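To start, the structure under review is shown below, and the notes come after it.
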Amino acid sequence: MKVVTSVAGMKALARQWKKEGKKVGFVPTMGYLHEGHLSLVRESKKRADITVVSIFVNPTQFGPNEDFKKYPRDLEKDSAYLEKGGVDCLFYPDAAEIYPPGYRTYVEVRGLQDRLCGKSRPGHFQAVATVVLKLFDIVGPGLAFFGAKDAQQVLIIGKMAADLDLDTEVVTCPLVRDPDGLALSSRNAYLSPEERKAALVLSISLRWAERAIAAGERDAAKAIAGIRAAIEAEPLARVDYVEAVDPVNLEPLAEICGDVLIALAVFVGSTRLIDNIRLHV
Ligand code: PAF
């Protein structure tokens, strides 16, 4: 596996692959990799000639009181994991490579970036869209793979790619869970054993909603109230938001009907976790 740390070096490789007619698959990450990331790598290896993974803990997408400094990092373990997964190239730039002094340019995906997680994380999706656009330009992927756990993120990146006529197809891969239902996330590493147990309330409450809807519930407010009640019954959990929305424009739904995204964010102790389900009713 090649490890590239400079933008110039990564662009040179991307140019060479283009000349050789190779299709590049790209998995952007912030590291501390888990099986969810590996599932994206496997999909890329199936569909592309070359698989590139980036590890960059993007400082601009963390709010002032968020966990940028303590975000888990383990380059050695991540590199071994990627090598074993058959990744061709790891792009591991530092912040000064991506944001040289005087950096000023940002991308906005209006109307989507301020909903759901964007309400409690102002500026987050502008920073995500910006860094992903830069990474796409540097790596030159034909395909880029994102997990469905970050439903709003992948929607925003897909919309950006479409609106800007990017040559990168944005592929959404299924959300990966631990066997007990907890959605995989690098932030799960923050949870104490008690919090890890309490965090199951996210997937349990979503599964309850899925069953209620399968049994005929169509009132979104009632489904949301049921999810909230289940979460609020867990002493270590605090709801940030629970919403039922249209998965294309993220507008809140009154009725559970057609394509529906039920998304939530919950603090378990001080760790903010997200989860969601997509339904067709
Ligand atoms: O999902 C992530 O890990 C990050 O938001 C991403 C897409 C790598 C951008 O920093």
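The values are calculated or read from the model by the stated rules, or taken from the named source; none is laboratory data. Just so you know, these numbers come straight off a predicted model, no measurement behind them. Because the Cβ atoms are built from the backbone with ideal geometry, glycine has one as well, and the counts that use them run over all protein chains shown. Remember, those area values only see protein heavy atoms, side chains included, never the ligands or the DNA or RNA. Shrake-Rupley method; radii C 1.70, N 1.55, O 1.52, S 1.80 Å.
Quick look at the numbers
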{"read-out": "Beta bridges by DSSP in segment 1-115, antiparallel share as percent, to the nearest 5", "value": "0"}
{"read-out": "Other-chain or far-sequence residues with amide H under 5 Å of Phe91's (modelled H)", "value": "Val4, Val53, Ser54, Ile55"}
{"read-out": "Value of [θ]222 nm, deg cm²/dmol, for the chain, DSSP H segments ≥ 4, -39500 (n - 2.57) each, nearest 500", "value": "-11500 deg cm²/dmol"}
{"read-out": "FRET efficiency for Tyr241 and Arg211, using Cβ-Cβ distance with R0 set to 25 Å, rounded to 0.05", "value": "0.70"}
{"read-out": "Compactness of segment 15-73 as Cα Rg over 2.2 N^0.38 Å, two decimals", "value": "1.41"}
{"read-out": "Computed accessible area, His37, all protein chains, 1.4 angstrom probe, square angstrom", "value": "30"}
{"read-out": "Peptides 205-215, 39-49 ordered by average Cβ neighbours within 10 Å, highest first", "value": "39-49, 205-215"}
{"read-out": "Folded to 0 to 90 degrees: helix 75-84 orientation relative to the chain principal axis, Cα", "value": "80"}
{"read-out": "Largest-first principal axis extents, alpha carbons of segment 58-114, Å", "value": "39, 28, 24"}
{"read-out": "Surface share of carbon and sulfur [accessible, 1.4 angstrom probe, percent] for the chain", "value": "52"}
{"read-out": "Computed E for Glu83/Lys222 - FRET, C-beta separation, R0 35 angstrom, nearest 0.05", "value": "0.10"}
{"read-out": "Top positive-direction residue, dipole computed over segment 33-177 with Cβ charges, set Leu82, Gly36, Ala48", "value": "Gly36"}
{"read-out": "Nearest 10 degrees, 0 to 90: helix 151-163 Cα axis against the chain principal axis", "value": "50"}
{"read-out": "Percent of Cα pairs exceeding the 18 Å cut-off, where the set is segment 48-149", "value": "57"}
{"read-out": "Cα-only radius of gyration and Dmax that characterise the chain, units Å", "value": "19.1, 58"}
{"read-out": "Burial ranking of peptide ranges 172-181, 89-98 (average Cβ count within 10 Å, highest at the top)", "value": "89-98, 172-181"}
{"read-out": "Rounded to 10°, Cα long-axis angle of helix 200-214 versus longest principal axis of the chain", "value": "70"}
{"read-out": "With 10 Å bins from 0: P(r) over segment 197-281, alpha-carbon pairs, percent", "value": "19, 54, 24, 3"}
{"read-out": "Cα→Cβ-extended label distance, 7 Å offset, between Ala12 and Phe267, nm", "value": "4.8"}
{"read-out": "Fraction of beta bridges assigned by DSSP in the chain that are antiparallel (%, nearest 5)", "value": "50"}
{"read-out": "Spacing of the two label points (7 Å from each Cα toward its C-beta) at Lys19 and Ala233, in nm", "value": "6.4"}
{"read-out": "Rounded if a/c under 1.5, otherwise prolate or oblate - segment 1-107, Cα gyration tensor axes", "value": "oblate"}
{"read-out": "Pairwise label distance in nanometres, Asn249 with Glu169, each label 7 Å out on the Cα-Cβ vector", "value": "2.8"}
{"read-out": "Rg to Rh quotient for segment 83-207, alpha carbon positions, Kirkwood Rh", "value": "1.00"}
{"read-out": "Kirkwood hydrodynamic radius over Cα pairs of segment 114-187, then Stokes diffusion coefficient at 25 °C and 0.890 mPa s, in µm²/s", "value": "184"}
